Protein chains: 2
Amino acid sequence: MVLGLVENAGRATPYQLKQVASRSVGNFWTIQHAQLYTECERLAKAGLLSEERETGGRRRRTYSLTPAGVAALDAWRSAPATELGELRDPGLLQLFFGAEKEPLARAQVESHAAKLAEYEALHASAGEWLPEGQRLALEAGIAHEREWLRFWSRVGGQTP
Amino acid sequence: MVLGLVENAGRATPYQLKQVASRSVGNFWTIQHAQLYTECERLAKAGLLSEERETGGRRRRTYSLTPAGVAALDAWRSAPATELGELRDPGLLQLFFGAEKEPLARAQVESHAAKLAEYEALHASAGEWLPEGQRLALEAGIAHEREWLRFWSRVGGQTP
DNA sequence: ACCATACCGTCTACTCTGGATGATGCAAGC
DNA sequence: GCTTGCATCATCCAGAGTAGACGGTATGGT
């Protein structure tokens with residue numbers, strides 16, 4: 001994920017990666033901001049990123065891909081994942097263990113509706129200009145939000 | 001999650017919880033088996049579980065809910081979650097960062113189809129006898145697997 | 001009696017999380 | 001010019017979680 005972010009950015013500081021991630025890939029794959037610093041450091045030590053540091057002030061470190069980093073990223077991309085993600089949904093966990101349906105469904109419908117609206121706005125405004133993979137990922141997000149909405153509406157007893 | 005598992009079981013050792021979990025809640029919320037041992041210990045120390053230990057042989061620890069544990073579980077269940085889960089799907093991450101669509105879609109379709117078949121078999125055989133929350137959770141899993149199948153079929157260029 | 005196999009618990013090294021902490025830079029108001 | 005306040009940016013820490021190796025205990029078949 002970090003290599004991919006750096007590739008997209010060309011050159012970037014961990015802080016910038018954080019900004020970009022929170023608005024894009026962070027919608028379906030998050031990490032802590034602190035981790036970006038340690039991970040970039042690790043990748044640099046492994047020779048996959050090159051590091052350049054300001055001498056004064058903020059002492060920002062700017063990273064970019066090395067040829068080895070490009071190779072590692074390509075290798076990862078061209079080995080299609082067969083593993084599946086897991087839902088790991090807090091609301092579903094409560095439902096599983098017998099929480100009352102109505103209030104839970106109401107809360108979840110509200111949250112998912114908001115998220116869906118956000119995604120749809122993004123898709124409408126930026127969908128055309130996004131790289132294809134990113135657009136498709138966004139569409140996957142939209143589809144799953146719609147699915148959750150259907151699900152929780154049904155659980156809550158409304159007509160979906 | 002652990003409190004819920006113990007409630008379902010009545011009394012159980014961490015090993016038994018592991019067995020049960022891997023066939024039920026583990027389909028959408030996993031933890032390492034080692035964690036069940038440490039978590040039960042922690043919950044016991046916090047007064048939410050009571051512990052009973054064999055003196056010889058395996059020195060198994062058997063846990064059950066204390067009144068405080070029941071209260072904690074109820075409190076958790078009756079505060080409807082508003083947070084959303086995240087997809088965190090490895091295949092989607094590859095797609096996002098520009099992996100080739102066809103081979104990835106093929107691999108993912110295969111994996112998701114297998115998972116869907118497993119869920120549907122489970123639903124057909126046990127659906128009726130499952131507690132409602134568990135049945136609904138299973139149905140959520142089925143719905144999302146179908147969604148993934150639609151998605152990856154489309155990405156791979158097949159008619160969904 | 002022995003062996004293969006399943007059952008069961010613990011350990012270690014490492015990564016990740018959540019959040020606090022503190023420093024730097026910039027712009028607006030005095 | 002100077003202060004003050006806010007956004008930017010980096011680091012740190014304790015504790016939780018992960019991956020998987022490892023080792024001990026029971027059981028049934030030969």
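What follows draws every value from the coordinates through simple rules; no lab data is involved. Quick caveat: nothing in here was measured; it's all calculated off a predicted structure. Neighbour counts run over all protein chains shown; Cβ positions are idealised from the backbone, glycine included.
Taking the criterion of being more than 14 Å from DNA strand C (Cβ to nearest atom) and not hydrophobic (A, V, I, L, M, F, W, C), the residues of the stretch A:35-60 that qualify are A:47, A:50, A:51, A:52. Among residues of the stretch B:37-78 being within 21 Å of residue A:98 (Cβ to Cβ) and touching a Pro at 6+ places or on another chain (Cβ under 9 Å), the one that is surrounded by the most Cβ atoms within 10 Å (Cβ to Cβ) is B:63.
Only residues that are hydroxyl-bearing (Ser, Thr, Tyr) and either more than 12 Å from DNA strand D (Cβ to nearest atom) or within 14 Å of another protein chain (Cβ to nearest Cβ) (or both): list them for the stretch B:1-24, please.
First, pick out the residues of the stretch B:1-24 that are hydroxyl-bearing (Ser, Thr, Tyr): B:13, B:15, B:22, B:24.
The answer is B:13, B:22, B:24.
Within the stretch A:25-40, being more than 9 Å from DNA strand D (Cβ to nearest atom) and among the small types (Gly, Ala, Ser) holds for one residue alone: A:26.
For the stretch B:118-159, the tally of residues that are more than 9 Å from every other protein chain (Cβ to nearest Cβ), polar (S, T, N, Q) and part of a helix (DSSP H, G or I) stands at 2.
Residues in the stretch A:56-76 that are away from DNA strand D (no atom under 16 Å from the Cβ) and free of Cβ contacts under 8 Å to residues at least 40 places away in the same chain: A:66, A:67, A:68, A:71, A:74, A:75.
Quick one: how many residues across the stretch B:25-49 are of a type in the set (A, V, I, L, M) and either within 14 Å of chain A (Cβ to nearest Cβ) or touching a residue at least 24 places away in the same chain (Cβ under 8 Å) (or both)? Quick ask: steps written out before the conclusion?
We begin by selecting, within the stretch B:25-49, every residue of a type in the set (A, V, I, L, M); these are B:25, B:31, B:34, B:36, B:43-44, B:46, B:48-49.
Subset that is either within 14 Å of chain A (Cβ to nearest Cβ) or touching a residue at least 24 places away in the same chain (Cβ under 8 Å) (or both): B:25, B:31, B:36, B:43, B:48-49.
Residues meeting the conditions: 6.
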